[in-house]
Amino acid sequence: MENFKLNNGTTIPAEGIGTFLLSPDDAENAVYSAFTNGYTMVDTANAYMNEKAVGRGLKKAGVKREDVYISTKLWPSIYGDAAKAIDDTLKRLGTDYIDLLFLHQPVGEIKAAYRTMEDAVKAGKVRSLGLSNFPMDELKDIVDNEEIKPSVIQVEAHPYFPQTELKKYIASFGGRIMAWYPLGHGDRSLVNEPVFTELAKKYHKSNAQIILRWHVQSCNIVIPGSKNPAHIKDNIDIYDFTLTDEDMKAIATVNKNVRYYTATKEALNGYLHMAPDFDSQK
Ligand SMILES: NC(=O)c1ccc[n+]([C@@H]2O[C@H](COP(=O)([O-])OP(=O)(O)OC[C@H]3O[C@@H](n4cnc5c(N)ncnc54)[C@H](OP(=O)(O)O)[C@@H]3O)[C@@H](O)[C@H]2O)c1
């Protein structure tokens, strides 16, 4: 496992297990599987409705809190009472601090919630701040005007959409990308691109492992999602080889500059009004 340094002096693992769309039971099992196979980071969110399960998986794996990096996200419908939302999140996860806390979507009472997250950093409840799915202008507004710069920007990123422009801007304030959909959400046409098949043969790895290695060598923090223990194990087995500059250039040719998902204004407003009872999760 490799680590990256963040702009606030803390360290973050290069890779973690993603838990989007995992049911509580699947999330608990995936986290248990990951942390008993060398993972040190998990990414979840209020909206995934599996934070309690993540906490259970970590407990079951028997890992010490200081050896675990927890990344989670506040949902827009609770930005208005972010102090309570943070305390509730801590309770669901069964911890007294969050390593990395994101605003999940760029809608609603963003500034108020961000300032409350800054207070939570000062109170020791949160270590690092992140923004997820923020377009460049809204990101810039926070970076230029708020006290604590975000350390991690979580956005869709993979070889079809490597986020070249955004990464340049993020580097200017020492931030780092955390890539969601790192494997294209499992899209076979991405995973089976001939370049990955060729490199998989060359390094005796799977296509998915080549893609994940590309992410880490591109300085992306990567959080592949999986509920398959064999995939979970393989996805972290990427630190015993290095792609050459030529390999990296060959992978760059599959860039289509196309995302899988774009949030419309209507979708973002829908998020604001989506207010599940987060505590009702299993
Ligand atoms: N901030 C946001 O708005 C946002 C949005 C989406 C996702 N995320 C985060 O990013 C994480 C990653 O995204 P994701 O899980 O949606 O997509 P992903 O990691 O790109 O792909 C997950 C899919 O790939 C398959 N897979 C995983 N490892 C594999 C392997 N070694 N070989 C073949 N297939 C493999 C999984 O199936 P199996 O279960 O069968 O392995 C699953 O169907 C999420 O879990 C979540 O934490 C954040």
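Rule-based calculations on the coordinates, nothing more; no lab input. These figures come from a predicted structure and were not determined experimentally. Note: ideal-geometry Cβ built from the backbone for every residue, glycine included; neighbour counts use all protein chains shown.
Starting from segment 241-272, pick out the chymotrypsin sites (Phe, Trp or Tyr not before Pro) whose DSSP state is loop and whose Cβ has at most 12 other Cβ atoms within 10 Å.
Here the chymotrypsin sites (Phe, Trp or Tyr not before Pro) that fit, given the DSSP loop and packing criteria, are Y261.
Which ³J(HN,Hα) values, rounded to whole Hz and listed in residue order, are derived for segment 65-74 from phi using the Karplus coefficients 6.51, -1.76 and 1.60 in 6.51 cos²θ - 1.76 cosθ + 1.60 with θ = phi - 60°, glycine and proline given as x?
3, 5, 9, 10, 10, 10, 10, 9, 9, 7
Cross-link list K5/K122; K111/K168; K59/K201; K59/K84; K167/K282; K59/K111: which exceed 28 angstrom alpha carbon to alpha carbon?
Values: K5/K122 20 Å; K111/K168 24 Å; K59/K201 38 Å; K59/K84 24 Å; K167/K282 37 Å; K59/K111 34 Å.
Cα-Cα > 28 Å for K59/K201; K167/K282; K59/K111; rest within.
Between S280 and N228, what is the label-point separation in nm under the 7 Å Cα-to-beta-carbon projection?
3.3
Which aspartates and glutamates, if any, have their Cα less than 16 Å from the Cα of K256, not counting same-chain residues under 8 positions apart?
By straight Cα distance, K256 reaches E156, E165, D187, E193.
Grab the Cα-Cα distance for Y239 and E165, subtract it from 0.36 nm times how many residues apart they are, and report the gain in nm with one decimal.
23.9 nm is the gain from fully extending Y239 to E165.
Estimate the FRET efficiency between K201 and K91 by the formula 1/(1 + (r/R0)^6), using the beta-carbon distance for r and 41 Å for R0, to the nearest 0.05.
About 0.25, to the nearest 0.05.
So what are the three principal axis dimensions of segment 94-218 from its Cα atoms, in whole Å, longest to shortest?
Over segment 94-218, Cα extents along the principal axes are 50, 35, 24 Å.
Could you please rank D25, D279, placing first whichever residue has the fewest other Cβ atoms within 10 Å of its Cβ?
In increasing order of surrounding Cβ atoms, one gets D279, D25.
Return the calculated 222 nm mean residue ellipticity for the chain, to the nearest 500 deg cm²/dmol, obtained by summing -39500 (n - 2.57) across DSSP H runs with n ≥ 4 and dividing by the residue count.
-12000 deg cm²/dmol
Say each of F173 and H273 gets a label point 7 Å from the Cα, pointing the same way as Cα to Cβ; how far apart are those two points in nm?
3.1
On a full-extension model of 0.36 nm per residue, what is the gain between T11 and K64, subtracting their alpha-carbon distance, rounded to one decimal in nm?
Gain on extension, T11 to K64, equals 17.4 nm.
How do M49, M117, M136 rank when sorted from fewest to most other Cβ atoms within 10 Å of their own Cβ?
Working: M49 20, M117 28, M136 11.
Neighbour counts put them in this order, fewest first: M136, M49, M117.
Return W214, W180 ranked ascending by Cβ neighbour count within 10 Å, so the fewest neighbours appear first.
Working: W214 25, W180 22.
Starting with the residue having the fewest Cβ neighbours, the order is W180, W214.
Limiting things to C-alpha atoms, what are the Rg and the maximum Cα-Cα separation (Dmax) for the chain, in angstroms?
Rg and Dmax of the chain, Cα atoms, are 18.0, 52 Å.
Roughly what would the spin-label model give for Y260 and E138, points 7 Å off Cα along C-beta, in nm?
2.1
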